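Q: Please see the structure below; I have some questions.
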Amino acid sequence: RELQLYGNVPVTGKIDAATRELMTRKRCGLPDRQTKLHRMRHRKRYVLMGPIWDKKLLTYSVDNPSRSMPYVGDVRREVSEAIDAWQRASALRLKEVRSEADADIRIRFAVGDHGDPYFFDGTGRILAHAFPPGEGLGGDVHLDDDERWTNALTGDPHSQQVSLRSIVMHEIGHSLGLSHSQQEDSIMYSFYQYDLAPELSYDDVLAVQSIYGRGRAPAPRRPNLLPTTTTTHLPPLPSPSPRPPSRHPDIPTNTDNGELIAPDPCTSDVDAITEIRGEVFAFKGDWFWRIHHDGYLSEGPRLISSFWQSLPSPVDAAVEDNDKILFFVGMFTFTVVISKKR
């Protein structure tokens, strides 16, 4: 049943034709269940492993080339492109170092029994595996050197060539703390898809941002699907700021890098508006305003990510419910527990 669940085929509990086909496909060697899944009415779109890095600057090393890609420069280029996708989506920065002793994440090719509990099976089903954040093997990526790796963006089922960039992008997701996804368009889907170019899906971006915050890349476009609910708990709401002088503050026109333009509260419509602890919060794009009950701006415009680091944007709706706030972002619901301090 678990194989069927993560393979996104009908969960029958029987080895039917769809399940047999799934069992022959190449896949990541990491077990699907890396965290306890709670029974939910809705299918969980992404799952977090548990351990995360407690820093935003990580280092990685490419320890050796592959027999099928003997030039280490080609391997390093594909690894760099795979890692850059996660950097663009999140506040993380990953820097390559030449010494594996100095690297948080060590990427290497290996065969068979290579010193950890996950043996490789030759040219077969298991392509690679990675370890969640931590010391020792934590974060490391191992690739089966018996596979036929290619720097093409897609693989070839006839020659059994596998896109190195695609698999490294998947395994780096594990290195950052993401588990397998049940969504076939996700880079974190357990099973390799030869014809799918390596890129992060909407769910992958939300997952990494829920841990490490937003990056500088534009917000991903939401897929046109029926709503699914995922609930995550965000940090408590900070206490209200003291009431400022009775005048509107200067409105910034852009961030330091000139990429983000703050909306003008006098000329902009809003995406969502709600009352929280006697104050009105208005949301627009990546920004929000905080409005005192007498109508004056208490705060804003501020980036949503500077206030709730793990909350994606834009916010579609929000509502206060007793001791928590529910934010609705696309197909997801995010829960913020309100601090008791005022």
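The values are calculated or read from the model by the stated rules, or taken from the named source; none is laboratory data. Predicted model only: the values in this text are computed from it and were never measured. Here Cβ is always computed from backbone atoms with ideal geometry, including for glycine, and neighbour counts include all displayed protein chains.
Here is a yes/no grid of residues against (1) part of a helix (DSSP H, G or I); (2) more than 16 Å from GLU171 (Cβ to Cβ); (3) of a type in the set (A, V, I, L, M, F, W, C):
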site: ASN64; (1), (2), (3): no, no, no
site: ALA82; (1), (2), (3): yes, no, yes
site: ALA85; (1), (2), (3): yes, no, yes
site: ARG108; (1), (2), (3): no, no, no
site: GLY112; (1), (2), (3): no, yes, no
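Q: So, one more: Out of (1) in contact with a strand residue (DSSP E or B) (Cβ under 6 Å, 6 or more places away or on another chain); (2) modelled with pLDDT under 85; (3) farther than 20 Å from GLY213 by Cα, what's the single condition that is false for CYS266?
A: (1)
Here is a yes/no grid of residues against (1) outside the structural domain of GLY29 (by TED's automatic domain parsing); (2) of a type in the set (A, V, I, L, M); (3) in contact with a Phe, Trp or Tyr (Cβ under 8 Å, 6 or more places away or on another chain); (4) buried (at least 20 other Cβ atoms within 10 Å of the Cβ):
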| position | (1), (2), (3), (4) |
| --- | --- |
| ASP54 | no, no, no, no |
| SER61 | no, no, no, yes |
| GLU78 | no, no, no, yes |
| LEU92 | no, yes, yes, yes |
| VAL97 | no, yes, yes, no |
| ILE105 | no, yes, yes, yes |
| ASP113 | no, no, yes, no |
| PRO117 | no, no, no, no |
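Q: Can you tell me how many residues in segment 116-126 are in contact with a His (Cβ under 9 Å, 6 or more places away or on another chain) and at pLDDT 90 or above? If you could, list the steps in order and put the result at the bottom.
A: Taking segment 116-126 and keeping what is in contact with a His (Cβ under 9 Å, 6 or more places away or on another chain), we get 116, 118, 120.
Pick out the ones that are also at pLDDT 90 or above and you get 120.
Total meeting the criteria: 1.
Q: Let me ask another. Only one of these is under 28 Å from ALA18 (Cβ atoms), assigned by TED's automatic domain parsing to the domain that holds TRP53 and touching a residue at least 24 places away in the same chain (Cβ under 8 Å): VAL162, VAL141. Name it.
A: Going through VAL162, VAL141 in turn, just one is under 28 Å from ALA18 (Cβ atoms), assigned by TED's automatic domain parsing to the domain that holds TRP53 and touching a residue at least 24 places away in the same chain (Cβ under 8 Å): VAL162.
Q: Can you name every residue in segment 190-211 that is touching a strand residue (DSSP E or B) at 6+ places or on another chain (Cβ under 7 Å) and within 23 Å of ARG93 (Cα to Cα)? Steps first, please.
A: Residues of segment 190-211 touching a strand residue (DSSP E or B) at 6+ places or on another chain (Cβ under 7 Å): 190-192, 194, 198, 203, 206-211.
Residues satisfying the conditions are PRO198, ASP203, LEU206, ALA207, VAL208, GLN209, SER210, ILE211.
Q: May I ask you to list the residues in segment 188-215 that are in contact (Cβ under 8 Å) with a residue 40 or more places away in the chain and assigned to a loop (DSSP other than H, G, I, E, B)?
A: Residues satisfying the conditions are MET188, SER190, TYR192, TYR194, ASP195, LEU196, ALA197, PRO198, GLU199, LEU200, GLY213, GLY215.
Q: Output yes when any residue across segment 42-51 is in a strand (DSSP E or B) and modelled with pLDDT under 95, and no when none is. Working first, answer last.
A: Initial filter on segment 42-51 (in a strand (DSSP E or B)): 48.
Subsequent filtering for residues that are modelled with pLDDT under 95 retains 48.
Yes, because at least one residue in segment 42-51 is in a strand (DSSP E or B) and modelled with pLDDT under 95.
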